């Protein structure tokens, strides 16, 4: 997988994974609610997978740092994914999906609705992006590490 990667959940939320570590690290709520189930991952080359399962395999950090972060912001875990390979997609497909996610959750991007001029401007920037990495950076996407 070429990072950064982008993830689209079945309900059209969008997540960003700048590194492998960010993909395989999550918080308690992600595991409890199985938040990654059904998410489509798309890497920087347009390769695509769907997450069919997630398993906790340990702590995200050695015990002392893990305990420190667990007290401050909740425990983080190392996870493994079961991935099913899907057909590759083009960068234009990724841009379209990203814009659909923006329209579905405009308040996440400081807009009142999908017609807000700021959101329309952001969508235009997404459409001009040259790489998946540029989209992830432009949108400042969150990973599941804190959830």
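Bear in mind that the values in this text are calculations on the coordinates, not laboratory data. Note that the structure is predicted; figures quoted are calculated from it, not measured. Every residue, glycine among them, receives a Cβ derived from its backbone with ideal geometry; neighbour counts consider all protein chains shown.
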Inset, instruction - Give me the number: length gained by fully extending residue 130 to residue 2, i.e. 0.36 nm times residue separation minus the C-alpha to C-alpha distance, one decimal in nm. - result: 44.6 nm
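For the range 78-147, divide the Cα radius of gyration by the Kirkwood radius and give the resulting Rg/Rh value with two decimals.
1.02
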Inset, instruction - Give me the number: length gained by fully extending residue 142 to residue 29, i.e. 0.36 nm times residue separation minus the C-alpha to C-alpha distance, one decimal in nm. - result: 39.2 nm
Inset, instruction - Compute the distance in nm between two label points, each set 7 Å from the Cα along the Cα-to-Cβ direction, one at residue 109 and one at residue 12. - result: 1.2 nm
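Quick check of the Kirkwood formula: for the range 1-43, what is the inverse mean of 1/r over all pairs of different Cα atoms, in Å?
Numbers: mean 1/r = 0.0940 Å⁻¹.
Mean inverse Cα-Cα distance, inverted, gives 10.6 Å.
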Inset, instruction - Evaluate Rg over Rh across the chain, taking Cα atoms for both radii and Kirkwood's formula for Rh. - result: 0.99
Inset, instruction - Please give, to one decimal in nm, the separation of the simple spin-label points placed at residue 19 and residue 83, each 7 Å out from Cα toward the Cβ. - result: 1.8 nm
